[in-house]
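S.K.: Sharing a structure with you now.
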Amino acid sequence: MLAYPIVRFLRQVAFLTCLFCIVLVEARAENLRYYLGEGKTYDESIPSPDEYFGFGIGERHLQHNELHQYLRAISRSKRVAWQEYARSHGGRPLTVMTITSPKNHKRLERIREAHLRLADPNRARDVDISDLPAVIWMGYGVHGNEPSASNAAPIVAYHLIASRSPEVQQLLENVIVLLDPCLNPDGFERFAHWANNHRGLTPNADPQHREHRELSPNGRTNYYWFDLNRDWLPLVHPESQGRLRTYHRWLPNVVLDFHEMGADATYFFQPGVPSRSHPLTPKSNIELTREFAKFHAKALNRLGSLYFTEERFDDYYMGKGSTYPDLHGAVGILFEQASARGQKQDTVNGLLEFEFAIRNQVTTSLSSLAATESKREELHEHKRQFYTESLELGRNAAVQGYVFTAGADKPKLARFIQLLKQHGIAVHRLGMDWQTESKLFPASESYIIPAAQPEFRFLLAMTESRREFKDKVFYDITAWSLPLAYGLQWEEMKGPIAAEVLGERIEEIKLPEERLVWQEDDYAYLIEWNSLHAPRSLRRLLDSEIRVKASLRPFRIPVGDETRLFQPGTLIIPLGGQISRIDAIRELLEICHRDDHANIVSVKTGLTPEGIDLGSSSISRIEKPKVALLVGVGVNDYEAGEVWHHVDRELGMPVTLLDSTSLGSTDLDKYTTIVLVSGTYTSVSGAQAEKISNWLRRGGTLVALGTSSRWLKTQKISSIDLRESSTKDIGARIRLPFADAEDFAALQKIEGTIFQTEVDLTHPIAFGLQSKKLPVFRDQTVFLEPSSSPFSTPLVYSDQPLLSGYASEENVRLAAGTAAVLVKSEGSGRLIAIPNNPLFRGFWKGSERLFDNSLFFGGIIRETSSAPTD
């Protein structure tokens, strides 16, 4: 009798369990219908995202490992090829899924080669485009805290892989889909962790809820707090380098770039502001973008989603995901979705839910695929015509080529030429010496880029210095000339180039591999400070506690059979006093020579025929710097990340990240050098500011980058004099239309401009620089008055400083004659103020030496009020 109630109970449990499963399955099916619509049938052998994860997409934020594992799992289909193309700084995989019909997969290499032939003007006309599939790159989530992008990717992938509909099967016959689900895995993971750990069981839509107010550094950026959407041009990071390798293997027809914006916005898709496209973008690109916009509008109209298309966003800077393709024969399209920055958020447009944001991204993904299929032949013809016209433009250009060198700095040349190669730019050796009005370019160390090549448009965009603009309001920087950024000696070659001038095409520079030769009577070893990685070599020596000195003045000394000139900054490793470590010194110098390509020589004497001897008081010992960087609330994450990345990855040196909220309990005396970047420093109290001031006056070196000088003056840490702009009160003097307020404010900014400076090459801050003029990057309007000491302003902005980009006449006038670097004694310490950005986005190689010199030579710099005596 007792068994019957138990059996009945178990039956009830089983029934309820089945009922729950049915309800759950139906709920998950409803979730999928929400994104993909009714009436769709799918291959049951392929798990849907909801089935795989055990929750509906949008119910919480996917973590990167979940996204990666699911897409890997469904890539067993015959419609998919899976490729890992890079690993992030954090060690996470970046992947691309090639999705098309099984028939196309069998001939995939032939299709790829045909696409590359379309970009070759000599072979393009032979390509039959009548049945050639179009190629679309779908890039999701380059900003990690814009999560609707990458959370939409598994739905789009599932739909393309599992759908049984004739429409999708036909689409995959006509289109090759390169689906990149997450362009920024480290930032995506950082934000997912934040969002999932700050939501409750009941989602909170209050915009002030902590879930919606992500702390610094946020998930927008990569591991080192860089914006990867600005890295398509400089290619500093492995994520971008791997992506561009894959991109140039295909040269796709269409590139999609999915983002989010502020919660109170709606949805944006291009063409964007009509007057703000780059002048080199062909009209056919803009016309095709408008055609695509009709597909997006129709799809979003069905949902009732609000959108806008010709406001706010521009297409000018060519280093972004939606603009880079425009100068590579493709159509790049930017999408921006209002962001819930969590599960749901109250906005001016009502309640914004995460699921709704994802649905808009899925919808425009599918409308883009439909447009690509519809415009397939037009897209092919656009690519073919683009490259044919580009070559012709190069052949007829007034400038027929560019000759350049970095002198003895072969590692810098190698880095620059590698970058050109990554962008498909052809480079040749200079076949013979080339004399310009002002400079001789020796064939042995110079190179030439001919204008007559298919990538001429992009070559022109990456090297030009433009100062005239049709529209002077910009969403991003206005100047990025790579020759100026690298500090190269660079000249335009006008008129025809003789055949003997154009030497062999090269893929990369083979740096010297000869071994160093040691002698028993070696007296000292010298390392020239004028090569890219010399600071890294110095760091290696100091880490090994080898005594290293730096010359503050030039000298000539016998080296082998010749007498050579060594410039200020030359490193000297004397063997006297450390002869017992000679084997260790030589072993380390071999590493510096092999890995850093350091220019190392041995000398037999300390007596020089000209200039100081090697025992002079004008040769100072270099102490190992112990560097701290202030980060956190009130600090510019981008600039802090640039410093962290440079010190960690380029110099191989630890840098302590000091949180701005915990200075009160920090022992600053552990550090020889503290670096401040731009910021408001709102979290640093008056007492903590005084602590920094006291540390500085006890002998520290404070390196102040960007706008941080203004904070130092406000806190009375330094008495730096600022030159202020008068545009801040212009509204009190004249009347302006209300509708122009936003544009007027933008015109008064310096969003990203290249200025010319004049350099004192004898100052330790300038050691290693090759020219008395140095282009620097500026993106703010804090100007510093020169020092009252005539010897303590090693760099000043020239009288006509604007080299490239937009700056108002008022800001150009203000900049002229101000300090580009200022050194100021504060008690026993010294402040080194650099109001420009010497490490901008990790590729400003020409000015990064200013920062390195501040770290390594800061301890030997003193503000001088009178000329030194001998």
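S.K.: Could you check region 823-861 and list, in sequence order, the residues that are open to solvent by 10 Å² or more (accessible area, probe 1.4 Å), over 18 Å from Thr673 (Cβ atoms) and among the small types (Gly, Ala, Ser)?
M.R.: Gly842
S.K.: May I pose another question? Inside region 88-110, can you point out the residues that are among the basic types (Lys, Arg) and either touching a strand residue (DSSP E or B) at 6+ places or on another chain (Cβ under 8 Å) or free of Cβ contacts under 8 Å to residues at least 24 places away in the same chain (or both)? Give the derivation first.
M.R.: Of region 88-110, the ones among the basic types (Lys, Arg) are 92, 103, 106-107, 110.
Once the filter is applied, which keeps residues that are among the basic types (Lys, Arg) and either touching a strand residue (DSSP E or B) at 6+ places or on another chain (Cβ under 8 Å) or free of Cβ contacts under 8 Å to residues at least 24 places away in the same chain (or both), region 88-110 yields Lys106, Arg107, Arg110.
S.K.: Consider region 788-810. How many of its residues are within 16 Å of Glu724 (Cα to Cα) and either surrounded by 22 or more Cβ atoms within 10 Å (Cβ to Cβ) or touching a helix residue (DSSP H, G or I) at 6+ places or on another chain (Cβ under 7 Å) (or both)? Break it down stepwise before answering.
M.R.: First, the residues of region 788-810 that are within 16 Å of Glu724 (Cα to Cα): 797, 807-810.
If we keep only those that are either surrounded by 22 or more Cβ atoms within 10 Å (Cβ to Cβ) or touching a helix residue (DSSP H, G or I) at 6+ places or on another chain (Cβ under 7 Å) (or both) too, we end up with 797, 807-808, 810.
Here the count works out to 4.
S.K.: Name the residues in region 248-269 that are under 23 Å from the mean Cα position of the chain (by Cα), part of a loop (DSSP other than H, G, I, E, B) and within 24 Å of Asn360 (Cβ to Cβ), would you?
M.R.: Pro252, Gly262
S.K.: Among the numbered conditions (1) crowded, with 19+ Cβ neighbours inside 10 Å; (2) among the charged types (D, E, K, R); (3) closer than 30 Å to Gly321 by Cβ, tell me where Glu508 comes up short.
M.R.: Checking Glu508 against (1) crowded, with 19+ Cβ neighbours inside 10 Å; (2) among the charged types (D, E, K, R); (3) closer than 30 Å to Gly321 by Cβ, the one that fails is (1).
S.K.: Of all residues in region 758-773, count the ones that are open to solvent by 60 Å² or more (accessible area, probe 1.4 Å) and not in a loop (DSSP other than H, G, I, E, B).
M.R.: The qualifying residues number 2.
S.K.: Within region 280-302, which residues are of a type in the set (Val, Ile, Thr) and open to solvent by less than 30 Å² (accessible area, probe 1.4 Å)? Lay out the reasoning, then the answer.
M.R.: Within region 280-302, the subset of a type in the set (Val, Ile, Thr) is 281, 286, 289.
Across region 280-302, the qualifying residues are Thr281, Thr289.
S.K.: So, in region 120-172, exactly how many residues are buried (at least 24 other Cβ atoms within 10 Å of the Cβ) and among the charged types (D, E, K, R)?
M.R.: Summing the residues that are buried (at least 24 other Cβ atoms within 10 Å of the Cβ) and among the charged types (D, E, K, R) in region 120-172 gives 1.
S.K.: Of (1) part of a loop (DSSP other than H, G, I, E, B); (2) buried (at least 22 other Cβ atoms within 10 Å of the Cβ), Val633 satisfies all except one. Which?
M.R.: (2)
S.K.: Suppose we filter region 461-488 for residues that are surrounded by fewer than 18 Cβ atoms within 10 Å (Cβ to Cβ) and at pLDDT 95 or above; how many remain?
M.R.: 0
S.K.: Taking region 511-534 as the search range and keeping residues that are acidic (Asp, Glu) and in contact (Cβ under 8 Å) with a residue 40 or more places away in the chain, which one is most open to solvent (accessible area, probe 1.4 Å)?
M.R.: Glu513
S.K.: Related question: Out of everything in region 28-52 that is in a helix (DSSP H, G or I) and open to solvent by 30 Å² or more (accessible area, probe 1.4 Å), what residue ends up being modelled with the lowest pLDDT? Before the answer, list the steps.
M.R.: Step one: list which residues in region 28-52 are in a helix (DSSP H, G or I), which gives 28-36, 49-52.
Subsequent filtering for residues that are open to solvent by 30 Å² or more (accessible area, probe 1.4 Å) retains 28-30, 33-34, 51-52.
Working: Arg28: 54, Ala29: 66, Glu30: 78, Arg33: 91, Tyr34: 94, Glu51: 96, Tyr52: 96.
For region 28-52, the residue satisfying everything is Arg28.
S.K.: For Ile585, are the conditions met, namely being within 20 Å of Pro609 (Cα to Cα), surrounded by 17 or more Cβ atoms within 10 Å (Cβ to Cβ) and of a type in the set (A, V, I, L, M)?
M.R.: Spelling it out, it is not the case that Ile585 is within 20 Å of Pro609 (Cα to Cα), surrounded by 17 or more Cβ atoms within 10 Å (Cβ to Cβ) and of a type in the set (A, V, I, L, M).
S.K.: When you check Phe335 against the structure, is it open to solvent by less than 10 Å² (accessible area, probe 1.4 Å), at pLDDT 95 or above, closer than 27 Å to Leu160 by Cα and not in a helix (DSSP H, G or I), yes or no?
M.R.: Criteria met by Phe335.
S.K.: How many residues does region 291-332 hold that are among the β-branched types (Val, Ile, Thr) and closer than 22 Å to Leu460 by Cα? Before the answer, list the steps.
M.R.: Applying the first criterion (among the β-branched types (Val, Ile, Thr)) to region 291-332 yields 309, 323, 331.
If we keep only those that are closer than 22 Å to Leu460 by Cα as well, we get 323, 331.
Total meeting the criteria: 2.
S.K.: Can you confirm whether Tyr224 is over 17 Å from the mean Cα position of the chain (by Cα) and among the hydroxyl-bearing types (Ser, Thr, Tyr)? First the steps, then the outcome.
M.R.: Details: over 17 Å from the mean Cα position of the chain (by Cα): no; among the hydroxyl-bearing types (Ser, Thr, Tyr): yes.
No.
S.K.: Please specify each residue of region 535-582 satisfying the condition of being over 35 Å from the mean Cα position of the chain (by Cα) and on the phi > 0 side of the Ramachandran plot.
M.R.: Result: Gly560, Gly577.
S.K.: For a quick check of your reading: which strands (runs of 3 or more DSSP E) sit entirely within region 557-621 and have at least 3 residues that are more than 14 Å from Asp521 (Cα to Cα)?
M.R.: 562-566, 571-574, 619-621
S.K.: Open to solvent by less than 20 Å² (accessible area, probe 1.4 Å) and charged (D, E, K, R): does that describe Asp561?
M.R.: Details: open to solvent by less than 20 Å² (accessible area, probe 1.4 Å): no; charged (D, E, K, R): yes.
The answer is no for Asp561.
S.K.: Right, next: When the residues of region 774-784 are filtered to those that are open to solvent by 10 Å² or more (accessible area, probe 1.4 Å) and at pLDDT below 95, which remaining residue is nearest to Arg841 (Cα to Cα)?
M.R.: Asp779
S.K.: Taking Lys103, is it within 30 Å of Glu30 (Cβ to Cβ), open to solvent by 40 Å² or more (accessible area, probe 1.4 Å) and not aliphatic (A, V, I, L, M)? Please lay out each step first, then the result.
M.R.: Working: within 30 Å of Glu30 (Cβ to Cβ): no; open to solvent by 40 Å² or more (accessible area, probe 1.4 Å): yes; not aliphatic (A, V, I, L, M): yes.
Spelling it out, it is not the case that Lys103 is within 30 Å of Glu30 (Cβ to Cβ), open to solvent by 40 Å² or more (accessible area, probe 1.4 Å) and not aliphatic (A, V, I, L, M).
S.K.: For Val177, indicate whether it is among the β-branched types (Val, Ile, Thr), touching a Gly at 6+ places or on another chain (Cβ under 9 Å) and either open to solvent by less than 10 Å² (accessible area, probe 1.4 Å) or assigned to a loop (DSSP other than H, G, I, E, B) (or both). Spell out how you get there, then give the answer.
M.R.: Numbers: among the β-branched types (Val, Ile, Thr): yes; touching a Gly at 6+ places or on another chain (Cβ under 9 Å): no; either open to solvent by less than 10 Å² (accessible area, probe 1.4 Å) or assigned to a loop (DSSP other than H, G, I, E, B) (or both): yes.
Against the criterion (among the β-branched types (Val, Ile, Thr), touching a Gly at 6+ places or on another chain (Cβ under 9 Å) and either open to solvent by less than 10 Å² (accessible area, probe 1.4 Å) or assigned to a loop (DSSP other than H, G, I, E, B) (or both)), Val177 does not qualify.
S.K.: Look at region 656-686 and say how many of its residues are in a helix (DSSP H, G or I), open to solvent by 60 Å² or more (accessible area, probe 1.4 Å) and at pLDDT 95 or above. Steps first, please.
M.R.: From region 656-686, those in a helix (DSSP H, G or I) are 663-665, 668-670, 686; that's our starting set.
Filter once more, keeping what is open to solvent by 60 Å² or more (accessible area, probe 1.4 Å): 665, 669-670.
Still in the running and at pLDDT 95 or above: 669-670.
Number satisfying all stated conditions: 2.
S.K.: Here is a check on your reading of the model: is Glu826 charged (D, E, K, R), farther than 30 Å from Leu460 by Cβ and out of contact with any strand residue (DSSP E or B) (no Cβ under 7 Å at 6 or more places or on another chain)? Don't jump to the end; show me each part of the working.
M.R.: Numbers: charged (D, E, K, R): yes; farther than 30 Å from Leu460 by Cβ: yes; out of contact with any strand residue (DSSP E or B) (no Cβ under 7 Å at 6 or more places or on another chain): yes.
So Glu826 passes the test.
S.K.: So, one more: Considering (1) at pLDDT below 95; (2) under 30 Å from Leu233 (Cβ atoms); (3) of a type in the set (Gly, Ala, Ser), say which one Ser792 fails and leave the rest.
M.R.: (2)
S.K.: So Asp126 clears everything in (1) over 13 Å from Thr98 (Cα atoms); (2) modelled with pLDDT of 95 or more except one condition, right? Which one?
M.R.: The failed condition is (2).
S.K.: If the Cβ limit is 9 Å and pairs must be 6+ apart or interchain, which residue in region 362-378 that is basic (Lys, Arg) and outside any helix (DSSP H, G or I) pairs with which residue that is at pLDDT 95 or above and open to solvent by less than 20 Å² (accessible area, probe 1.4 Å)?
M.R.: Here the result reads Lys375/Ala134; Lys375/Asn253; Lys375/Val254; Lys375/Leu288; Lys375/Phe292; Lys375/Val331; Lys375/His382, each pair linking region 362-378 to a residue that is at pLDDT 95 or above and open to solvent by less than 20 Å² (accessible area, probe 1.4 Å).
So that you can scan it fast, the table gives a plain yes or no per residue for (1) within 30 Å of Thr289 (Cα to Cα); (2) open to solvent by 50 Å² or more (accessible area, probe 1.4 Å); (3) touching a Gly at 6+ places or on another chain (Cβ under 9 Å):
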| site | (1), (2), (3) |
| --- | --- |
| Ser368 | yes, no, no |
| Glu378 | yes, yes, no |
| Phe386 | yes, no, yes |
| Ser390 | yes, no, yes |
| Val403 | no, no, no |
| Ile425 | yes, no, no |
| His428 | no, no, yes |
| Gln435 | no, yes, no |
| Lys439 | no, yes, no |
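S.K.: If only one of Ser322, Ser277 is of a type in the set (Ser, Thr, Tyr) and either open to solvent by 10 Å² or more (accessible area, probe 1.4 Å) or on the phi > 0 side of the Ramachandran plot (or both), which one is it? Talk me through it step by step, then tell me what you get.
M.R.: Working: Ser322 fails: either open to solvent by 10 Å² or more (accessible area, probe 1.4 Å) or on the phi > 0 side of the Ramachandran plot (or both).
The unique qualifying residue is Ser277.
The values are calculated or read from the model by the stated rules, or taken from the named source; none is laboratory data. The model shown is predicted, which means the values in this text are computed figures rather than measured ones. Note: ideal-geometry Cβ built from the backbone for every residue, glycine included; neighbour counts use all protein chains shown. These accessible areas exclude ligands, DNA and RNA; they are computed on the full protein's heavy atoms, side chains included. Shrake-Rupley method; radii C 1.70, N 1.55, O 1.52, S 1.80 Å.
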